[in-house]
Amino acid sequence: MNRPVMAANWKMNNGPTSAREFMKAFLDQYPRQNDRTVLFFPPALSLAAVAAGLGDRRDVLLGVQNVHWADQGAFTGELSVAMARDAGARVVLVGHSERRHVFGETDEQTALKCAAVERGGLTPLLCVGEKLDEREAGNAESVVVSQLRAGLSQMQHLAVREVMIAYEPVWAIGTGRNATPDDASAMHKVIREELKSLCGERARFTPILYGGSVNTGNAPALLAASEVDGLLAGGASVDASSWLTIARA
Ligand code: PEP
């Protein structure tokens, strides 16, 4: 397994005040750790609070949950990659299932966003995952592969640029029903094979995270599954004490 990446997606939780409290509680009990990377995706309004809390902790990275693909302009409510970088972000979530299925984000838009993130010198964490009906119809792999190909299709330097992938089956997100470690392994293997055809040797070192109802109980087994290089947690990452347990899994 690659060095694990343990990612916390706070979604629309933890504003600046609770983000400050969270970071204090978390960092007090999470000494510098060189065997893994912890990654926080706070809401954009809490980025500054999390960055201030982190100080010089290089083992903990900051990311944003979404960006627009344009460099700047009349896009009310949106954030650019340059702004995210300026605020201390290193990684950008692209194509999270809530962006795709609540806000209607398309594969074409995920492609534009991954390309913008690359242009801006940050790392995309591209989320892919099938819906329940797609799994039940036997189409899980083809859906995931096509989201993966589409999302990375506009990147110019895939063979050399850092990219992260998260396999997040839609039916597992926020439902309390996680994929089994075997199911996650099987899909991560498919993703790794596809990455090999897209970016050659670099695929071996591309972190592929599992996300979907990760909790303190199932995190160790999911993380130990073959081809799983880390975890992306939503609900269980909002509270400092459960996230501490998962981050140390
Ligand atoms: C997520 O938001 O990426 C996620 C996996 O959510 P949850 O852990 O709550 O299922």
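Computing FRET efficiency as 1/(1 + (r/R0)^6) for Ala48 and Arg202, where r is the C-beta to C-beta distance and R0 is 35 Å, gives about 0.60. Taking every protein chain into account, the 1.4 Å probe leaves Glu118 with about 10 Å² of accessible area, to the nearest ten. Assuming charge only on the beta carbon of Lys and Arg (+1) and of Asp and Glu (-1), the dipole of region 99-141 about its Cα centre is about 280 debye to the nearest 20.
Charges at C-beta only: +1 for Lys and Arg, -1 for Asp and Glu. How large is the resulting dipole of region 99-218 about its Cα centre, in Debye rounded to 20? Write down the numbers at each step before the final one.
On the way: 14 positive and 16 negative charges, 75 e Å.
In debye, rounded to 20, region 99-218 gives about 360.
Placing +1 on each Lys and Arg Cβ and -1 on each Asp and Glu Cβ, with no other charges, gives the chain a dipole about its Cα centre of roughly 620 debye. Between Asp56 and Ser241, full extension at 0.36 nm per residue minus the direct alpha carbon distance yields a gain of 64.4 nm. Amide H to amide H, with H built 1.01 Å from N, Asn178 comes under 5 Å of no residue 5 or more places away or on another chain. Here the spin labels are modelled as points 7 Å beyond Cα on the Cα-Cβ line, and at Glu162 and Val102 they lie 2.8 nm apart.
Viscosity 1.002 mPa s, temperature 20 °C: what is the translational diffusion coefficient of region 161-249 from Stokes-Einstein with a Kirkwood Rh over Cα pairs, rounded to a whole number of µm²/s? It would help to have the intermediate numbers written out before the result.
Numbers: Rh = 13.2 Å.
Answer from the Stokes-Einstein relation: 162 µm²/s.
In the context of the full protein assembly, Leu45 retains an accessible surface of approximately 150 Å², using a probe radius of 1.4 Å and ignoring ligands and nucleic acids. Roughly speaking, to the nearest percent, how much of region 26-160's 1.4 Å accessible area is carbon and sulfur? In region 26-160, the share of accessible area belonging to carbon and sulfur is 49 percent.
Tell me, how many Å apart are the Cα centres for region 51-68 and for region 194-226? First find each Cα centre; the distance between them is then 21 Å. Size estimate for the chain follows the Kirkwood approach: the inverse of mean 1/r over distinct Cα pairs works out to 17.9 Å.
In plain terms, the chain from Ser18 to Arg119 could stretch by 33.1 nm, reckoned as 0.36 nm per residue minus the Cα-Cα distance.
Think of the chain as having a plus end and a minus end, set by charges on the Cβ of Lys, Arg, Asp and Glu; of His101, Pro169, Tyr210, Tyr210 sits farthest toward the positive end of this dipole.
With every protein chain left in place, what is the accessible area per residue of the chain in square angstrom, probe 1.4 Å?
Details: 10920 Å² over 249 residues.
Heavy-atom SASA per residue in the chain reads 44 Å².
Rounded to the nearest 500, the helix-only mean residue ellipticity at 222 nm of the chain stands at -11500 deg cm²/dmol, with each DSSP H run of n ≥ 4 adding -39,500 (n - 2.57). Bridgeable aspartates and glutamates around Lys24 (alpha carbons under 19 Å apart, same-chain partners fewer than 8 residues away excluded): Asp56, Asp59, Asp239.
Spacing of the modelled spin labels on Ala137 and Arg90, each 7 Å from Cα toward Cβ, amounts to 4.0 nm.
The values are calculated or read from the model by the stated rules, or taken from the named source; none is laboratory data. Please read these numbers as outputs of a predicted model, since none were measured by experiment. With ideal geometry, Cβ positions are generated from the backbone for all residues, glycine too; neighbour counts draw on all protein chains shown. Protein only, heavy atoms only, side chains kept; ligands, DNA and RNA dropped before computing areas. Shrake-Rupley method; radii C 1.70, N 1.55, O 1.52, S 1.80 Å.
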